[in-house]
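The values are calculated or read from the model by the stated rules, or taken from the named source; none is laboratory data. These figures come from a predicted structure and were not determined experimentally. FYI the Cβ positions are ideal-geometry reconstructions off the backbone, even for glycines, and counts take in every protein chain you see.
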Amino acid sequence: MLQPDLDQVVRWRAVRDEVATSPENAQRLLADTADRSRARVISMVAGAKLGHLGGDLSVLDVLTTLYGAVLRLDPTAPDWVDRDRLILSKGHCSEALYTTLAWAGFFSPDELETFNRPGSALNGHPDRTKVPGVETNTGALGHGLPVGVGCALGLRSARRPSRVFVVVGDGELQEGSNWEAAMAAAHHGLDNLTAVVDRNRLQQGARTEDTNRLDSLPDRWSAFGWDVVEVDGHDHLALRGVLEASAPGRPTCVIANTVKGKGVSFMEDRVEWHHKIPTAEQVAAAHLELAR
């Protein structure tokens, strides 16, 4: 099991403190952090010749906001009983989760260089037995929300104050297990549960609406009894506001409208970057854009 990087934890806590006390700097701090994570993810995928860049880049603002402003957690005590739980159901985008966990100090950022190498803890899909901060193994799509419902039920039964956040891909919602879980969550009034949909409108090989139409997505979640909020998934302050809120007696669905490949012009809204591997020249060009 990887160990916390105490120096990195101090740096992460300093950012969280400034985000909490200085609203005028919060957007810049979180946006800069997300773009540095994007650059790191691109290098990881290029080095490993494996990954899912498009979805990594679309979800990083959501993850950065959660870890930088919303979640109650302690990277030096990843099993703290009253922590909030984050489940990345779209586990094929593990690179985005790993860079965020490393930023928070759950383990050293140097470990990111081992991504997908033989013997590395950082596999293509996250493994809770190897990586601190990973709540459950994911990657088989449609499993994260059912697990999140079970977590939320258990925490409520134990009278714990913790909240559960589950990040799902929009293409992933074509798995029926999500809707069984959504129905159960509403039936049990799980107001400690928030589902965040990374609504980038692309999936492997095609647009979601051409594969199996999801719109009107807000109406679908509402019909299942959830409180639904739509937000710009790249606006950190707006994300923070809706992620901190909850509706009494009902689970919350945050539909985060995002752009697949966000931050790199030649990757944005391009279906091939679901799992395309960048060349050295493309890595350099992407880093230049993200550094501006």
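The conditions are (1) within 22 Å of T208 (Cα to Cα); (2) out of contact with any strand residue (DSSP E or B) (no Cβ under 8 Å at 6 or more places or on another chain); (3) not in a loop (DSSP other than H, G, I, E, B), and S265 fails exactly one of them. Which is it?
Unmet for S265, out of (1) within 22 Å of T208 (Cα to Cα); (2) out of contact with any strand residue (DSSP E or B) (no Cβ under 8 Å at 6 or more places or on another chain); (3) not in a loop (DSSP other than H, G, I, E, B): (3).
Just checking, which of G124, G142, G154, G119 is free of Cβ contacts under 8 Å to residues at least 24 places away in the same chain and either assigned to a loop (DSSP other than H, G, I, E, B) or in contact with a helix residue (DSSP H, G or I) (Cβ under 6 Å, 6 or more places away or on another chain) (or both)?
Exactly one residue qualifies, and that residue is G119.
Determine which single condition R156 fails, assuming it passes every other condition in (1) within 24 Å of D56 (Cα to Cα); (2) in contact with a Leu (Cβ under 8 Å, 6 or more places away or on another chain); (3) modelled with pLDDT of 95 or more.
Exception for R156: condition (1).
Yes/no matrix, rows are residues, columns are (1) more than 16 Å from the chain's Cα centre (by Cα); (2) touching a residue at least 24 places away in the same chain (Cβ under 8 Å); (3) closer than 20 Å to A69 by Cα:
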site	(1), (2), (3)
A206	yes, yes, no
S216	yes, no, no
G225	yes, yes, no
V229	yes, yes, yes
G241	yes, no, yes
G249	yes, yes, no
C253	no, yes, yes
N257	no, yes, yes
K260	no, yes, no
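Cβ-Cβ distance below 7 Å, separation of 6 or more or different chains: which pairs start in segment 9-28 with a residue that is under 17 Å from L71 (Cβ atoms) and end on one that is surrounded by fewer than 14 Cβ atoms within 10 Å (Cβ to Cβ) and at pLDDT below 95?
E18/N25
Among the residues of segment 207-224, count how many are in contact with a Gly (Cβ under 9 Å, 6 or more places away or on another chain) and either over 15 Å from V271 (Cα atoms) or of a type in the set (A, V, I, L, M, F, W, C) (or both).
2
Could you please find all residues in segment 171-230 being in a strand (DSSP E or B) and hydrophobic (A, V, I, L, M, F, W, C)?
We begin by selecting, within segment 171-230, every residue in a strand (DSSP E or B); these are 193-199, 202-203, 206-207, 227-230.
L193, A195, V196, V197, L202, A206, V228, V229 - these are the residues of segment 171-230 that are in a strand (DSSP E or B) and hydrophobic (A, V, I, L, M, F, W, C).
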